[in-house]
Amino acid sequence: MPTVIFRSPDGTAHQVTAASGTVLMQAALAHGVPGIVAECGGNASCATCHVYIDPAQTGPVGPPNDVEDEMLDFTAAERRPTSRLSCQIRLSDTLDGLVVHLPEEQV
Amino acid sequence: MSAGVVIVGGGQAGFGVASTLRACGYDGPVTVFGSEPHLPYQRPPLSKKAHTGPDDLQVSLVPETFYRERDIDLRLDEEVVSLDRAARTVTARSGARVPYTHLVLATGARNRPLTVPGADLDGVHAVRSLDDALAVGRALATAGDVVVVGGGFIGLELARVALAGGARVTVVELADRLLGRALSPALEPRLRERHERFGVRFLTGTAVRALEGPGRVERVVTSAGVLPADLVVYGIGAAPREELARDAGLAVADGVLVDELLRSVSDPWISAVGDCARGPHPHAAGPVRLESVQNATDQGALVGRRIAGREPEPYASLPWFWSDQGDVKLQIAGLRAPSDEVRLTAGDSPERLAAYAFRDGLLVAVETLNWPAEHLAARRLLAHGTPVTAADLAGTTLGALARARRATEVRT
Ligand SMILES: Cc1cc2nc3c(=O)[nH]c(=O)nc-3n(C[C@H](O)[C@H](O)[C@H](O)COP(=O)(O)OP(=O)(O)OC[C@H]3O[C@@H](n4cnc5c(N)ncnc54)[C@H](O)[C@@H]3O)c2cc1C
Ligand code: FES
């Protein structure tokens, strides 16, 4: 089971372990990680599940899909090269140890 | 026992109140009554794919541990049957009485019933709950002819789900067009055409007169002829669940009437949120009742923050909505009024369309087909109150305007 660390802007870390195949956004919600809103429930409609992937790990996570890429231009917090929508990422054993940074705001 | 917050209704809005109370540090008792046996769950997926088994029960908003860890007393399968405003208690079907200092009504809505003869036959369903969705999912597995009564959001979604499952699908709608006032007349034919291209048949301006069959439905009698049917699903609107409020003497009028802080206009210790509440909104001329995840979530959070002791805020969130109908993603930002002027614009690829609605020359709402980025740009600009005129939009998109605006913000 992959483990993910969510880092809040204030530096707090939330460690979450979830089954392989779990959507990253769901893993955060299930553990009450603050800072992921996910208003649309993972439907790629709201961009309130925005995260920054740790720069060292963008390779294994992969790039955003086309729709996601466009949506990332309109997130509440600034877009960075490491920006992704967490509802579009599925956890797998290769992502074990993933570090994800939470943005200042989602809405 | 010291009184705390009692929330009636374990859905999207009730969940929002309870989780926000704890996130804001409220440490009194929080009790949530839910009349369904399931953990609070999301309804949108119910009409967007065929649900057939236990795997599909994974629509819960959060797992059970979430409530336990936060000391939220979640009482499932337990319906509140009365309120005593003088004693400040609620009474549940089991007889349990719980005192409150603040009461939040988050009872949602129920489907308007189909009242034609034969509506009680087997094989006739509406979708509101998880159990409804499972029943429809199972029926779809063997249905050859499906008749959808009502061309609203849920009807159109279910039509595409049935079609994807291999059924022949006819949508019967009483009005001359789909989605009534929810979609601008300019966009409606384009949406309809996309569904027709995939094989959905529409009978608009057509009344359903009766459902017939020997115990199980076999035919739908309409003003335009008789249709064969193994399965009938209907979605003809919803009505707020307001009996508790009405019986307790609170003002109701197609929804529990609330003020801008979402408190009952009759009792400041009672709030109402989500599908069951009707209140003022800066984007609407009169009190509105909205049925959307956005509204349930934002209203729940607003009331949670207020009760937890944060500075009270008037409800003013920008309304937005989405509906996934097969390959069509319909999204709406803002509230359009029938008198608004609408301009239709094609996007940069053939499946993308936007309808921009202007009131007194300013953009107030945007409907998009398969164009999530434009929808999000609309939400950013409308929520910030950025004035956009038709001239501003000539030859460009909201996406481009929002990007330019963001670039300026970064510079200043
Ligand atoms: C099939 C379907 C698809 C939808 N799709 C979309 C979509 O794509 N996008 C979108 O934005 N919105 C969609 N909606 C609307 C959205 O789901 C609702 O607006 C939202 O769920 C409202 O939340 P709520 O908490 O007010 O009500 P609900 O989620 O309905 O929850 C209310 C709960 O309270 C319980 N309850 C009622 N009375 C009592 C009582 N006396 N005691 C105890 N419990 C009680 C009810 O059983 C229910 O579980 C959809 C709705 C449906 C039915
Ligand atoms: S949860 Fe809405 S876009 Fe990810």
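When its C-alpha radius of gyration is set against 2.2 N^0.38 Å (N residues), chain B gives a value of 1.04.
For B:ARG88, neighbours were defined as the other residues whose beta-carbon sits under 15 Å from its Cβ, and their charges (Lys and Arg +1, Asp and Glu -1) total +1. Between B:ASP84 and B:ARG181, the C-beta separation translates, for a Förster distance of 35 Å, into a calculated FRET efficiency of about 0.35.
Candidates B:ALA143, A:HIS101, B:PHE66 compared by Cα position along the dipole of the protein assembly as shown: farthest toward the positive end lies B:ALA143, with charges placed on Cβ. When only the Cβ of Lys, Arg, Asp and Glu is charged (+1, +1, -1, -1), the dipole of the range A:31-92 relative to its Cα centre reaches about 220 debye.
For B:PRO29, what charge total do you get from the other residues with a beta carbon under 15 Å from its beta carbon, if Lys and Arg give +1 and Asp and Glu give -1?
Summing Lys/Arg as +1 and Asp/Glu as -1 gives +3.
Could you work out [θ]222 nm for chain A from helices alone, using -39500 (n - 2.57) per DSSP H run of at least four and dividing by all its residues? Round to the nearest 500 deg cm²/dmol.
Working: 3 runs with 17 residues, N = 107.
Taken over chain A, the calculation gives -3500 deg cm²/dmol.
When the charge dipole of chain B is built from unit charges on Cβ atoms (+1 for Lys and Arg, -1 for Asp and Glu) and taken about the Cα centre, the candidate among B:ALA391, B:SER35, B:VAL8 whose Cα reaches farthest toward its positive end is B:ALA391. Ranked from largest, the principal axis spans of the Cα set of the protein assembly as shown equal 66, 62, 52 Å.
The GluC sites (Glu not before Pro) of the range A:5-107 that DSSP puts in a loop, and whose beta carbon has at most 16 other beta carbons within 10 Å, are A:GLU78, A:GLU104, A:GLU105.
Take the accessible area of chain B alone and of chain A alone, subtract that of the pair, and you get about 1900 Å² summed over both chains, using a 1.4 Å probe. Reducing the range B:159-212 and the range A:13-60 to their Cα centroids gives an inter-centroid distance of 36 Å. Peptide B:30-38 has a mean shielding of 0, counted as Cβ atoms of other protein chains within 10 Å of each residue's Cβ. What you get for the range B:1-87, charging only the Cβ of Lys and Arg (+1) and of Asp and Glu (-1), is a dipole of about 340 debye around the Cα centre. The stretch between B:ASP122 and B:ALA96, if pulled fully straight at 0.36 nm per residue, gains 5.8 nm over its current Cα-Cα span.
Give me the number: length gained by fully extending B:ARG246 to B:ARG68, i.e. 0.36 nm times residue separation minus the C-alpha to C-alpha distance, one decimal in nm. Can you show the working numbers first?
Numbers: separation 178, 0.36 × 178 = 64.08 nm, distance 3.25 nm.
Answer, rounded to one decimal: 60.8 nm.
Give, as ranges by residue number, the residues of the range A:57-95 whose backbone N falls under 18 Å from the point 7 Å along Cα→Cβ of B:SER349. Within reach of a label on B:SER349: A:63-74, A:85, A:88. Surface exposure of the range B:25-78, expressed per residue as accessible area with a 1.4 Å probe, stands at 49 Å². Here each label is just a point 7 Å from Cα along the line to Cβ, and for A:ASP54 and B:LYS49 those points are 3.1 nm apart. Distant-in-sequence amide contacts of B:HIS125, defined by a placed amide H-H separation under 5 Å and a gap of 5 or more residues or a different chain, comprise B:VAL232, B:VAL233, B:TYR234.
Please state the relative contact order of chain B as a whole percent: Cα pairs under 8 Å, 6+ residues apart? Walk me through the intermediate numbers first.
Values: 900 pairs, mean separation 61.5, N = 412.
The normalised contact order for chain B reaches 15 percent.
Residues of the range A:66-84 whose accessible area, computed with a 1.4 Å probe over protein heavy atoms, drops by at least 10 Å² once all protein chains are present relative to their chain alone are A:VAL67, A:GLU70, A:MET71, A:ASP73, A:PHE74, A:THR75, A:ALA76. Between B:ARG209 and B:THR408, the modelled label-to-label distance comes to 6.1 nm, taking each label 7 Å out from Cα in the direction of the beta carbon.
Of the residues B:ALA378, B:ALA133, B:ALA224, the one whose Cα sits farthest toward the positive end of the charge dipole of chain B, with +1 on the Cβ of Lys and Arg and -1 on the Cβ of Asp and Glu, is B:ALA378.
Return the carbon/sulfur percentage of the accessible area of the protein assembly as shown, one whole number, probe 1.4 Å, all protein chains in place. Each step should come with its number before you reach the end.
Values: 11100 of 21620 Å².
Answer for the protein assembly as shown: carbon and sulfur cover 51 percent of the accessible area.
With θ taken as phi - 60° and the Karplus curve 6.51 cos²θ - 1.76 cosθ + 1.60 applied, the whole-hertz 3J(HN,Hα) list for the range B:270-277 is 10, 10, 9, 9, x, 4, 8, 9 Hz, x standing for glycine and proline.
Centre-to-centre separation between the Cα atoms of the range B:10-34 and those of the range B:213-232: 45 Å.
The phi-based Karplus calculation (6.51 cos²θ - 1.76 cosθ + 1.60; θ = phi - 60°) puts the 3J(HN,Hα) values of the range B:301-311 at 5, 4, 5, x, 5, 4, 5, 6, x, 6, 3 Hz, whole numbers, x for Gly and Pro.
For B:SER2, the solvent-accessible surface with a 1.4 Å probe is about 80 Å², rounded to the nearest 10.
Less than 11 Å Cβ to Cβ from A:CYS49, Lys/Arg counted +1 and Asp/Glu -1: what total charge do the surrounding residues give? Can you show the working numbers first?
Numbers: positive: A:ARG84; negative: A:GLU39, A:GLU68.
So the surrounding residues net to -1.
Once you sort the root eigenvalues of the Cα gyration tensor of the range B:102-204 as a ≥ b ≥ c, which label holds: rounded (a/c under 1.5), prolate (a/b larger than b/c) or oblate (the other case)? Oblate is the answer for the range B:102-204, as a/c is 1.5 or above yet b/c matches or exceeds a/b. Residue by residue along B:364-376, Cβ atoms of other protein chains within 10 Å of the local Cβ number 3 on average.
Grab the DSSP H runs of chain B that are 4 residues or longer, score each as -39,500 (n - 2.57), total them, divide by all residues and round the 222 nm result to the nearest 500 deg cm²/dmol.
On the way: 10 runs with 102 residues, N = 412.
That comes out to -7500 deg cm²/dmol.
Working note: Karplus 6.51/-1.76/1.60 with θ = phi - 60° gives the range B:14-30 the couplings x, 4, x, 5, 5, 5, 5, 3, 5, 4, 8, x, 5, 10, x, x, 10 Hz, where Gly and Pro are set to x.
What size of dipole, in debye to the nearest 20, comes out for chain A about its Cα centre when the only charges are +1 on Lys and Arg C-beta atoms and -1 on Asp and Glu C-beta atoms? Write down the numbers at each step before the final one.
Values: 5 positive and 13 negative charges, 53 e Å.
For chain A, the charge dipole is close to 260 debye.
The values are calculated or read from the model by the stated rules, or taken from the named source; none is laboratory data. Given the structure is predicted, the values throughout are model-derived calculations rather than measurements. Note that we place each Cβ from the backbone using ideal geometry, even for glycine, and neighbour counts take in every protein chain shown. What goes into the accessible areas is simple: the full protein's heavy atoms, side chains included, and nothing from ligands, DNA or RNA. Shrake-Rupley method; radii C 1.70, N 1.55, O 1.52, S 1.80 Å.
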